[in-house]
Amino acid sequence: MASHPVTEVQFLHAQMAAAMAGQPDAYYELGVAYAVGSSGVDIDLVEAHKWFNLAAMSGDERAQLDRSEVAASMTPAEVAAAQRGARAFLMQTRH
């Protein structure tokens, strides 16, 4: 049986499912997707910051750097919105 390449949308759905399961690598990949507008999503710095923040809280040093880079292009209100989004995600996914 032939293997089919994973589409960008399938990749995004897989990363979202992994993030919901608490996998830090997925947080980082989602941050990248939203930061550069890949995997079928538009650039959204608030979402990018949220996912990089979640990855950084899990110890991902790349995410710490990327979060800072994204934050430099955001307003304080946008950073606050991203932080609220990260907290809401954690509250939603904690069992």
Determine the sum of side-chain charges near residue 41: Lys and Arg each +1, Asp and Glu each -1, restricted to other residues whose C-beta is under 14 angstrom from that of residue 41.
-4
Taking Cα atoms only, helix 45-57 is inclined relative to the longest principal axis of the chain by an angle, in degrees rounded to 10, of 90 degrees
Using alpha carbons only, what's the Rg to Rh ratio of the chain with Rh from Kirkwood?
1.01
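Where a number appears in this text, it was derived from the coordinates with a stated rule and is not lab data. These numbers come from a predicted model, not from an experiment. Cβ atoms come from the backbone with ideal geometry, glycine included; neighbour counts cover every protein chain shown.
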